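Participant: First the structure, then my questions, so here it is.
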Amino acid sequence: MSGGKKTQRLDKILAHLGYGTRSELKKLVKQGRVTCGGKVVKDSGLQCDPIADVIELDGERIFYREFVYLMLHKPPGVISATEDARDRTVLDLLPVDFQVFSPFPVGRLDKDTEGLLLLTNDGQLAHDLLSPRKHVPKTYEAHVLGHVGDLEAIRFRQGVTLDDGYMTLPAELEVLDHSISEEGVRSSLIRLTISEGKFHQVKRMFEAVGSQVTYLKRLSMGPLVLDETLPLGEFRELTAEEIEALRTYKRVAKDILAGNERL
Ligand code: URA
């Protein structure tokens, strides 16, 4: 962080925080309701430092920040987009106080997938986490049809060919449980860690080994782990430690699967 003053137009600062449009803010400032550094401002284009200068509206201090980082426990039935003509989006789950920052989902979960979704307006961080060259691991929990086991684990570790001919990078499969329903349908509870993010990747990987995903939930993305105390559909801001862990995240040797020459 440089120590220099970082000034911006006052109307830009207030608009970023959702206090109104530029023309609404012009009026508000003209009415003498805003102070910067203790002085009443009359020109909404005045340069202020949103961090160093105390800005007040109607006597209340305004706290500025550029970025927001939100962990959403995505429920099924909403889509991972910022807007959609038909369906509810993950942004519809946020209150206006956070919508004003224009956050967007970092990567996509299918409409029927639940679990960890990071939302931010920090384009650089999102770009880094999604970069195909970074191979940020993502861990999913799933119910799949059939009793999967060592054979599927070996195949996933070697890479499987998806329906479009793409050969997946090595992935780590852990089988947690096997069950049989009253109707005699066999299924497995699994955890799968993949290091890429192809369209419907987990579902297509199980199809490639003759199974089918019936329930899917994302548990983690790189160092960020779903907070299991967050109810479905709820969100919270990331802690300073979680933000720092994402910013400084580099895959460590143990993440890189043994014998994988394609990473
Ligand atoms: N893989 C899938 O098939 N769906 C998701 O939502 C995420 C990963």
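Participant: From the residues in region 143-153 that are under 23 Å from MET221 (Cα atoms) and of a type in the set (A, V, I, L, M), which one is farthest from the ligand (Cβ to nearest atom)?
Facilitator: The residue in question is ALA153.
Participant: Output the residues belonging to region 17-44 that are within 24 Å of ASN121 (Cα to Cα) and assigned to a loop (DSSP other than H, G, I, E, B).
Facilitator: LEU17, GLY18, TYR19, GLY20, THR21
Participant: Separate question: Checking GLN158 against (1) open to solvent by 70 Å² or more (accessible area, probe 1.4 Å); (2) within 16 Å of the ligand (Cβ to nearest atom); (3) polar (S, T, N, Q), which single condition isn't satisfied?
Facilitator: (2)
Participant: Just to be sure before I move on: is HIS147 in contact (Cβ under 8 Å) with a residue 60 or more places away in the chain and open to solvent by 20 Å² or more (accessible area, probe 1.4 Å) in the structure I sent?
Facilitator: So HIS147 fails the test.
Participant: Could you check how many residues of region 121-144 are polar (S, T, N, Q) and in contact (Cβ under 8 Å) with a residue 24 or more places away in the chain?
Facilitator: Going through region 121-144 one residue at a time, the tally reaches 2.
Participant: Which condition breaks for GLY184 when tested against (1) open to solvent by 60 Å² or more (accessible area, probe 1.4 Å); (2) more than 16 Å from the ligand (Cβ to nearest atom)?
Facilitator: (1)
Participant: Right, next: If I ask for residues that are in contact (Cβ under 8 Å) with a residue 24 or more places away in the chain, within 11 Å of the ligand (Cβ to nearest atom) and open to solvent by 80 Å² or more (accessible area, probe 1.4 Å), which ones from region 187-211 would you list?
Facilitator: LYS198, GLU207
Participant: Could you grab me the full set of residues in region 65-119 that are open to solvent by less than 30 Å² (accessible area, probe 1.4 Å), of a type outside the set (A, V, I, L, M), within 16 Å of the ligand (Cβ to nearest atom) and within 11 Å of the chain's Cα centre (by Cα)?
Facilitator: HIS73, LYS74, SER80, PRO105, GLY107, GLY115 - these are the residues of region 65-119 that are open to solvent by less than 30 Å² (accessible area, probe 1.4 Å), of a type outside the set (A, V, I, L, M), within 16 Å of the ligand (Cβ to nearest atom) and within 11 Å of the chain's Cα centre (by Cα).
Participant: It is to be established whether one or more residues within region 41-53 are open to solvent by 20 Å² or more (accessible area, probe 1.4 Å), free of Cβ contacts under 8 Å to residues at least 12 places away in the same chain and over 23 Å from LEU216 (Cα atoms).
Facilitator: No, that holds for no residue.
Participant: From the set of residues in region 84-100 that are charged (D, E, K, R) and in contact (Cβ under 8 Å) with a residue 24 or more places away in the chain, which is nearest to ASP110 (Cα to Cα)?
Facilitator: ASP87
Participant: So, of the residues in region 129-142 that are surrounded by fewer than 17 Cβ atoms within 10 Å (Cβ to Cβ) and not hydroxyl-bearing (Ser, Thr, Tyr), which turns out to be farthest from the ligand (Cβ to nearest atom)?
Facilitator: Once the filter is applied, the top-ranked residue is ARG133.
The values are calculated or read from the model by the stated rules, or taken from the named source; none is laboratory data. From a predicted model like this one, the values you see are computed outputs, not experimental measurements. Heads up, the Cβs are rebuilt from the backbone with ideal geometry, glycines too, and the neighbour counts pull from every protein chain shown. Side chains included, ligands, DNA and RNA excluded: accessible areas come from the protein's heavy atoms. Shrake-Rupley method; radii C 1.70, N 1.55, O 1.52, S 1.80 Å.
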